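Structure first, then comments.
Each reported figure results from applying straightforward, stated rules to the coordinates on display, with no laboratory input. Remember, predicted model here, so these are calculated numbers, not experimental data. Ideal geometry is used to build each Cβ from the backbone, glycine not excepted, and the neighbour counts take in all protein chains shown.
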Amino acid sequence: MLALEEHPEHKDCAMPALSRIAKTLLPKRVKRFVLLHILGGRRLKDHIRLRGSRIFLERDLMPWVATRHARVLFVGTGPYTYQIENLFRRSGEHYTTIDPERSAATWGARNHIVGSIAEIGRHRPNGHFDCIVLNGVFGFGIDQFEDQRATVKVLHDALVPGGTLLVGWNTNLTPDLDELDLFKPYFTKAEGLPWPHRTLFPLPETHVYDFYTRRED
Ligand SMILES: C[S@@+](CC[C@H](N)C(=O)[O-])C[C@H]1O[C@@H](n2cnc3c(N)ncnc32)[C@H](O)[C@@H]1O
């Protein structure tokens, strides 16, 4: 996520460069190819995927999630997220992505929702997901404290009791919401995972992963 902060122009990725007609008509895999290999998205993808926090997400965290959880919601998509769906081939019908940006659907899963996480209750029943990954969304769209508080409640409602929540955030973009007790009413700190409740990376990375378990009602 540090990369995006250093290069804010990357936030919108290369998708707007494709015409509206191309966006509508081209199959997703062709659009991905054009964006990555012709319009330069590959540079952004490679740049981000070299970060220690990203390597951890792709090589450790998401494979672990995929072996333990079938109904997974991944919030926010980009040119560096689409390959994660491959880990869920076995349970492909249940791996879901969501992003309010229409252009981000190109990087979304077969089950992709164009919408805000705030509206997930309109698309899936309460308690539907075993695991939700909210990585790089606080500070990259959900920025106000009260919106973050409301999102934590939404995540609680969308998860099954005992379900797992992973929150990836940046210390230079977001206050420590755990310290501010935002999660406490709805989640406990996850135990028994291969990693501590909080996983940090050496500077200059500011990325943090926090793991929670949804409280029983
Ligand atoms: C920095 S990117 C992170 C993408 C991805 N989660 C990852 O781990 O790489 C932030 C993404 O969050 C999306 N986003 C912002 N606000 C959102 C919201 N309210 N609901 C869902 N996604 C949101 C943005 O559109 C953008 O695609």
Subject >> Any hit, region 196-203, residues being closer than 26 Å to I55 by Cβ and of a type in the set (S, T, Y) >> reply: yes
Subject >> Options A118, A109, A104: the member that is of a type in the set (A, V, I, L, M, F, W, C), farther than 18 Å from V152 by Cβ and free of Cβ contacts under 8 Å to residues at least 60 places away in the same chain >> reply: A109
Subject >> Any strands (runs of 3 or more DSSP E) falling wholly within region 156-217 and containing at least 2 residues that are within 16 Å of G139 (Cβ to Cβ) >> reply: 159-170, 207-214
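Each row is one residue, and each column tells you yes or no for (1) within 21 Å of A70 (Cα to Cα); (2) within 15 Å of the ligand (Cβ to nearest atom).
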{"residue": "V133", "(1), (2)": "yes, yes"}
{"residue": "V137", "(1), (2)": "no, yes"}
{"residue": "Q144", "(1), (2)": "no, yes"}
{"residue": "Q148", "(1), (2)": "no, yes"}
{"residue": "T151", "(1), (2)": "no, yes"}
{"residue": "V154", "(1), (2)": "yes, yes"}
{"residue": "L165", "(1), (2)": "yes, yes"}
{"residue": "T174", "(1), (2)": "no, yes"}
{"residue": "L182", "(1), (2)": "no, no"}
**OP:** Tally the residues that are polar (S, T, N, Q) and outside any loop (DSSP other than H, G, I, E, B), restricting the search to region 119-151.
**Re:** 3
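So that you can scan it fast, the table gives a plain yes or no per residue for (1) over 27 Å from P27 (Cβ atoms); (2) among the β-branched types (V, I, T); (3) touching a Gly at 6+ places or on another chain (Cβ under 9 Å):
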residue: S103; (1), (2), (3): no, no, no
residue: G108; (1), (2), (3): no, no, no
residue: V114; (1), (2), (3): no, yes, yes
residue: N126; (1), (2), (3): yes, no, no
residue: F145; (1), (2), (3): yes, no, no
residue: A158; (1), (2), (3): yes, no, yes
residue: V167; (1), (2), (3): yes, yes, no
Subject >> Top-ranked residue of region 155-198 - restricted to ones that are among the β-branched types (V, I, T) and surrounded by fewer than 19 Cβ atoms within 10 Å (Cβ to Cβ), ranked as nearest to L57 (Cα to Cα) >> reply: T171
Original post:
When the residues of region 75-87 are filtered to those that are without any contact (Cβ under 8 Å) to a residue 60 or more places away in the chain and within 15 Å of the ligand (Cβ to nearest atom), which remaining residue is nearest to the chain's Cα centre (by Cα)?
Top reply: T77
Original post:
Of everything in region 89-113 that's more than 10 Å from the ligand (Cβ to nearest atom) and in a strand (DSSP E or B), which residue is nearest to the chain's Cα centre (by Cα)?
Top reply: T96
**OP:** Taking T77 as meeting all but one of (1) assigned to a loop (DSSP other than H, G, I, E, B); (2) over 24 Å from V208 (Cα atoms); (3) touching a Ser or Thr at 6+ places or on another chain (Cβ under 8 Å); (4) not acidic (D, E), write down the number of the exception.
**Re:** (2)
